[in-house]
Amino acid sequence: MRSLLVMAAVILAAPAWAVQPTAETGRAYDQYIAAVEKQLREGAFLYADAHAEAKAAARSGQTDVVEVRNGDGRVPDGLIHDWLGISFFPGAHIAGVRAVMQDYASYKRIYTPDVVDSRTLARDGERFNVFLRLQNKQFITVTYDAEYEVSYAAPAAGRLEVMSRSTRIEQAGNDYGFLWRMNSYWRFEEADGGVYAECRSVSLSREIPYGFGWLQGALERFPRDSIVRTMDAMRRAVAAQR
């Protein structure tokens, strides 16, 4: 383990690691996002509706996470990470979930240690501009200042959609390219004595140089583990309202 930390420190100290996504990388991510949003518009409202095992796992009290990305996730000079988390909040109601979701000032308390600061920058009806300071601890600790455009919609009674699109992500200090973009697509449905919750997180990171494949595992764990912690924390926050 110590040797890996030393290797990481050497790699991250190299100027070549202070990188930004190219225009081609950004376009590829935008194209991927367009395909994801098309799938969400045209597919079943909940992923769990078509996957009975996922719904059963959620009802058992655990947060189930599946990888749903198209292809291997590789784009020019980058990697796309596409994960879906599924959970169930027993005894919850959509109104309570909406209240927790829109209480951005409390994110730094609800989602600690992943969120260390949070606030609403602007609001226009059901559209929000929000600021989050994110912290990721893997083999090193990195901090990001991120801004998002978030919109809420109720497509039917007992249902809620939330789309969160990153507009700015900056890493404190040198940008190692661990997180360039991140969109989150939330779906909630009130049924079976509670609320089914799903979050699809699609993020973009730099491509890993040849010979350092072990770093890819760390980059993959970050969004996956973050979904589990986020949904488990949200379940507790929603339960605390009752």
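Within the stretch 30-59, work out how many residues are among the basic types (Lys, Arg) and either touching a Gly at 6+ places or on another chain (Cβ under 9 Å) or within 17 Å of residue 89 (Cα to Cα) (or both). Spell out how you get there, then give the answer.
In the first step, residues of the stretch 30-59 are kept if they are among the basic types (Lys, Arg); the result is 38, 41, 55, 59.
Filter once more, so that each one left must be either touching a Gly at 6+ places or on another chain (Cβ under 9 Å) or within 17 Å of residue 89 (Cα to Cα) (or both): 55, 59.
Going through the stretch 30-59 one residue at a time, the tally reaches 2.
What helices (runs of 4 or more DSSP H), lying completely within the stretch 1-112, carry at least 1 residues that are at pLDDT below 95? Explain how you work it out, then say what you get.
Numbers: elements: 2-13, 23-42, 52-59, 94-102, 107-110.
Qualifying helices (runs of 4 or more DSSP H): 2-13, 23-42, 52-59.
Only one of the numbered conditions (1) farther than 22 Å from residue 226 by Cα; (2) in contact (Cβ under 8 Å) with a residue 60 or more places away in the chain is not met by residue 157, and that is (2). In the set (1) surrounded by fewer than 17 Cβ atoms within 10 Å (Cβ to Cβ); (2) closer than 30 Å to residue 206 by Cβ; (3) in contact with a strand residue (DSSP E or B) (Cβ under 6 Å, 6 or more places away or on another chain), the condition left unmet by residue 65 is number (1). Beta carbons closer than 7 Å, at least 6 apart along the sequence or on distinct chains, pair a first residue in the stretch 210-235 that is under 24 Å from residue 92 (Cβ atoms) and of a type in the set (Gly, Ala, Ser) with a second that is surrounded by 16 or more Cβ atoms within 10 Å (Cβ to Cβ) and modelled with pLDDT of 90 or more for 226/114; 233/110; 233/111. Among the criteria (1) assigned to a helix (DSSP H, G or I); (2) of a type in the set (D, E, K, R); (3) surrounded by 20 or more Cβ atoms within 10 Å (Cβ to Cβ), the one residue 187 does not fulfil is (1).
Being modelled with pLDDT under 95 and surrounded by 15 or more Cβ atoms within 10 Å (Cβ to Cβ) narrows it down to one residue among 217, 177, 194; which is it?
177
Residues that are over 14 Å from the mean Cα position of the chain (by Cα) and at pLDDT below 95 number at least 2 in the following strands (runs of 3 or more DSSP E) confined to the stretch 114-156: 141-153.
Scanning the stretch 79-96 for residues that are of a type in the set (Gly, Ala, Ser) and in contact (Cβ under 8 Å) with a residue 40 or more places away in the chain returns 85, 87, 91, 92, 96.
Selection of the stretch 46-78 for residues being charged (D, E, K, R) and touching a residue at least 12 places away in the same chain (Cβ under 8 Å) yields 55, 59, 64, 67, 69, 74, 77.
The values are calculated or read from the model by the stated rules, or taken from the named source; none is laboratory data. It should be emphasised that the depicted structure is a prediction, and the values quoted were computed from it without experimental measurement. Heads up, the Cβs are rebuilt from the backbone with ideal geometry, glycines too, and the neighbour counts pull from every protein chain shown.
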